[in-house]
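The block underneath contains the structure these notes are about, expressed in structure tokens.
No lab work stands behind these numbers, since they all come straight from the coordinates. Everything numeric in this text was worked out from a predicted model, so none of it was measured. Ideal geometry is used to build each Cβ from the backbone, glycine not excepted, and the neighbour counts take in all protein chains shown.
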Amino acid sequence: MILIVDDNKNNIYSLKKLLESQDFKIDTAESGEEALKKALKNQYSLIILDVQMPGMDGFEVAENFAGYSKTKDIPIIFLSAVNTEKQFITKGYESGGIDYVTKPIDPEILLLKVKTFYNLQENNLALKKNHQSLEMEVKGRRESQVVMKSEIDHFHLMLEALPQIAFTLDHNGNVTFVNARWFDYSEDSNVFPETHVDDKDIRKEFERSQKKQTPLELEIRIRELRSGDYRYHLLRMTPVFDNEKIKNWVGTFTDIEAQKRMEKEKDEFLSIASHELKTPLTSIKAYVQLMDRKFNFQQDSSEKAYMIKTLGQIEKLNSLITDLLDVSKIENGKLKINKKLTNLEDVIQNSVDAIVQTYEGRVKIDRHGQKPDMLIPLDEIRIEQVISNFLSNAIKYSPDSHQVIVSTFTDDENVRVSVTDFGIGIPDYKQPLVFQKFYRVEESSVQFQGLGIGLFICAEIIAQHDGTIGVSSEPGEGSTFYFTLPLN
Ligand code: ADP
């Protein structure tokens with residue numbers, strides 16, 4: 001908008017018309033005082049100022065404009081009878097654009113000057129606005145940088161307080177922070193602690209996780225600088241995502257040496273105890289069988305019944321000890337599998353017959369699916385052990401149902417054997433855990449006896465056959481345990 005200041009209404013009128021004809025927006029003031037008031041209130045791009053006015057003349061008005069930050073940069077075109085006062089004008093109004101037009105006014109010259117000043121000022125204003133918004137942005141960025149830095153400092157402080165070794169990596173895997181504990185295991189913040197030769201390589205494992213964009217969890221031995229000893233640690237590296245891209249990684253090494261040592265001692269104890277128990281039990285079994293033969297009790301006598309019960313209990317004890325021995329063999333990597341081409345259907349049938357015999361017809365085992373009457377490379381005794389385990393669990397954990405289904409399914413590459421029961425079932429999130437050593441589902445562990453190692457051994461046997469093992473189950477409805485074996 002342009003402000004015209006003149007004490008002569010006629011002059012104002014004709015100037016206004018002239019400028020409005022060129023699409024300028026116009027405001028007017030009839031005195032210097034009014035002009036000042038308006039200029040402080042509104043936003044003008046140009047002021048056309050009559051020099052000769054009663055009261056405050058044009059120069060005084062310009063001087064006043066120069067004193068306010070809001071008005072000091074508005075360009076002014078003076079309208080004067082003569083142009084001798086130019087120097088004075090410039091002195092009073094240094095920063096704004098100044099020009100003058102002498103009366104009588106030549107409309108063409110005035111319009112030319114108005115247009116030039118107007119455009120100049122509009123550009124200036126736009127530039128100023130840009131500058132202001134840039135400044136705001138820079139300020140905003142500076143502020144968020146400060147906030148971010150204080151957040152990072154806080155985060156690092158927290159990592160320092162952890163009892164673990166803690167570190168962060170950028171998205172490329174370069175170390176960006178390590179806490180003080182790092183230096184118990186490495187002299188350089190950029191170098192990972194030295195790992196045991198028999199353990200996995202941290203960098204390689206990390207690269208694999210980086211590719212898959214998944215967290216890394218690893219049990220690993222790292223060398224303590226002070227003692228030179230390797231200590232077991234649980235290494236965890238978790239990616240931090242920003243818009244589905246990895247921004248950085250947060251890692252910890254937790255010392256699990258004490259747990260590992262205890263676990264080792266427990267395994268050693270189990271191994272020794274089960275070996276020591278096995279020898280006298282074998283003798284007891286042999287003597288009881290001898291006695292059975294020697295006394296030759298009548299089939300329906302109570303003595304014969306006691307004898308059968310004693311042998312049954314010896315058999316149970318024997319299988320418990322055998323399972324414990326298997327666990328220690330697995331721990332030492334000594335569970336051997338002897339694969340031979342064997343008819344799988346025969347193995348299934350043997351397991352089913354043995355179970356039916358043990359439960360003396362108290363269970364009903366149905367057979368579904370096409371029978372895998374084919375030769376497959378497998379360890380007959382161990383696979384029978386797996387199926388028997390599935391079957392006895394199916395019966396044990398189904399107190400109100402006596403029905404079990406054994407099904408088989410074969411495709412081009414694998415054969416799948418599953419055992420379904422209609423028993424108590426297993427909650428969803430506990431299903432993968434049942435294959436872990438000594439794991440028992442809490443809800444059922446009081447009611448049903450067991451050691452929680454049967455499925456652990458099954459999983460190891462199937463893994464050694466390059467097969468898969470799993471379970472699907474619904475609490476209160478039943479469970480299906482299955483394994484697959486490759487045909488070759
Ligand atoms: P155990 O039966 O001696 O406890 P297992 O290793 O055979 O040990 O089984 C581990 C756990 O899995 C069991 O304690 C039980 O909680 C659960 N489980 C196994 N089979 C079944 C099943 N058929 N139905 C429900 N729960 C089962």
* **Value of [θ]222 nm, deg cm²/dmol, for the chain, DSSP H segments ≥ 4, -39500 (n - 2.57) each, nearest 500** => -15500 deg cm²/dmol
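Once fully extended, how much extra length lies between E30 and E303, figured as 0.36 nm per residue of separation less the alpha-carbon to alpha-carbon distance?
Full extension of this stretch gives 84.9 nm more.
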* Distance from the range 410-488 to the range 201-257 (C-alpha centre basis), Å -> 31
* Asked: Once label points are set 7 Å from the Cα along Cα→Cβ at both R367 and Q349, what is their separation, rounded to one decimal in nm?
  -> 0.6
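Ratio of Rg to Rh for the chain, alpha carbon only, Kirkwood? Please list the in-between numbers first.
On the way: Rg = 46.6 Å, Rh = 32.2 Å.
Taking Rg over the Kirkwood Rh, I get 1.45.
Tell me, in nm to one decimal, what length is gained between T254 and N124 on full extension, where the rule is 0.36 nm per residue of separation less the Cα-Cα distance? Don't jump to the answer; show the numbers that get you there.
Values: separation 130, 0.36 × 130 = 46.80 nm, distance 6.28 nm.
Here the answer is 40.5 nm.
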* **Quarter of the Cα convex hull surface for the range 340-486, i.e. its orientation-mean projected area (nm²)** => 8.2
* To do: With label points built 7 Å along Cα→Cβ from the Cα atoms of L375 and S189, find their separation and express it in nm.
  => 6.6
* To do: Would you kindly calculate the mean projected area, averaged across all directions, of the convex hull enclosing the Cα atoms of the range 96-183, in square nanometres?
  => 10.0
* Structure fact -> Looking only at lysines whose Cα falls under 29 Å of K285's and that sit 8 or more positions away or on another chain, we get K266, K294, K304, K309, K316, K329, K334, K336, K396, K437
* How would you rank 232-238, 181-187, 101-107, highest first, on the average number of other Cβ atoms within 10 Å across their residues? -> 232-238, 181-187, 101-107
* **Straight-distance crosslink candidates among aspartates and glutamates, where the alpha carbon sits under 14 Å from K371 and sequence neighbours closer than 8 are dropped** => E345, D346, D411
* **Under Karplus coefficients 6.51, -1.76 and 1.60, residue-wise ³J(HN,Hα) of the range 173-181 in Hz, glycine/proline x** => x, 7, 5, 10, 7, 9, 8, 4, 5
* Among Y118, Y359, what is the fewest-to-most ranking by other Cβ atoms within 10 Å? -> Y359, Y118
* Tell me, R367, R362 in order of fewest to most beta-carbon neighbours within 10 Å? -> R362, R367
* Structure fact -> Once amide hydrogens are built 1.01 Å from N within the peptide plane, the residues lying 5 or more places from L225 or on another chain with amide H under 5 Å from its amide H are Y185
* Mind pulling up the Rg/Rh value for the range 162-255? Radius of gyration and Kirkwood radius, both on Cα. => 0.96
* Any lysines with Cα under 18 Å of the K17 Cα? List them, leaving off those in the same chain fewer than 8 positions away. => K9, K25, K103, K113, K115
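Cut-off is 10 Å between beta-carbons; in what order do H131, H156 appear when sorted fewest neighbours first?
Numbers: H131 10, H156 16.
Lowest count first: H131, H156.
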* **Label-point separation, A81 to E219 (7 Å along Cα→Cβ), nm** => 10.8
* Using θ = phi - 60° and the Karplus curve 6.51 cos²θ - 1.76 cosθ + 1.60, what whole-Hz ³J(HN,Hα) does each residue of the range 148-161 get, with Gly and Pro shown as x? -> 4, 4, 5, 5, 5, 4, 5, 4, 5, 4, 5, 5, 4, 6
